[in-house]
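One structure below.
Readers should treat all values here as calculations from the given coordinates under stated rules, not as data from a laboratory. As the structure is a prediction and not an experimental result, all values here were calculated from the model. Cβ sites come from the backbone with ideal geometry, for glycine too, and all protein chains shown count toward neighbours.
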Amino acid sequence: MAAWKNRDDGMDKRNILVRLAKAADFAEVKQVLADTFESTWRPEITAASAERYLTSDVGGRYVDKNGLAFWVAEVDGRIAGMVHWSGDFIEALHVAGAYQRIGLGKLLLVRAEQEIGKAGFAKVRLETDTFNQQSQSFYRAMGYVEMRRYPDEEWDSGLTTVLFEKPLAKG
């Protein structure tokens, strides 16, 4: 776990904690996913894809199935972001809009990289879509390199996925 309080290094001054998720966090994690769906994905996908996502509760089912494997970022006692990975692949990294640009994405991504490295993997992989310039810039700034692009079949909305990779330092 990592906690920061009253830092003088430019980091946000709120109490921030990055930790493993608990079942009691699931409702707040689902809210983070709902927030990022509405602000990031919904404007880019077809109405039919959005309706499918919402009526089948994709985000909620994802949290219920995998939530205990998530790491969450807590700000002043509230869940503000999450990261989840499988093997060397980061499945999800989300930070609620109200908490973006205070360093939570970086904290979550660094934690995932550390844990993936501890598990013996030499690299980290993740995906985003071409429309999401904010995430692409973030991943590049964190040392990720674009490997390839391919059709995003998850949303059935004509999007293009970008695969990024980052080698991990040998420890």
*Normalised by the number of residues in the chain, what is the relative contact order in percent for Cα pairs under 8 Å and 6+ residues apart?*
20
*Once fully extended, how much extra length lies between Val58 and Arg19, figured as 0.36 nm per residue of separation less the alpha-carbon to alpha-carbon distance?*
11.7 nm
*How big is the Kirkwood radius of the chain, worked out from every pair of different alpha carbons and given in Å to one decimal?*
16.7
*In nm, what is the difference between 0.36 nm times the number of residues separating Gln133 and Arg149 and their Cα-Cα distance?*
4.3 nm
*Considering the chain as a Gaussian network with a 10 Å cut-off on Cα pairs, which listed residue, Leu126, Leu54, Leu108, attains the greatest mean-square fluctuation?*
Leu54
*In what sequence do Arg14, Arg111 fall when counting other Cβ within 10 Å, fewest first?*
Arg14, Arg111
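Hey, what number do you get for the chain at 222 nm if only DSSP H runs of n ≥ 4 count, each worth -39500 (n - 2.57), divided across all residues, to the nearest 500? Display every interim value, and only then the final one.
Numbers: 5 runs with 53 residues, N = 171.
Result for the chain: -9500 deg cm²/dmol, rounded to the nearest 500.
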*Which order do the peptides 95-107, 152-164 take when ranked by the mean count of other beta-carbon atoms within 10 Å per residue, highest first?*
95-107, 152-164
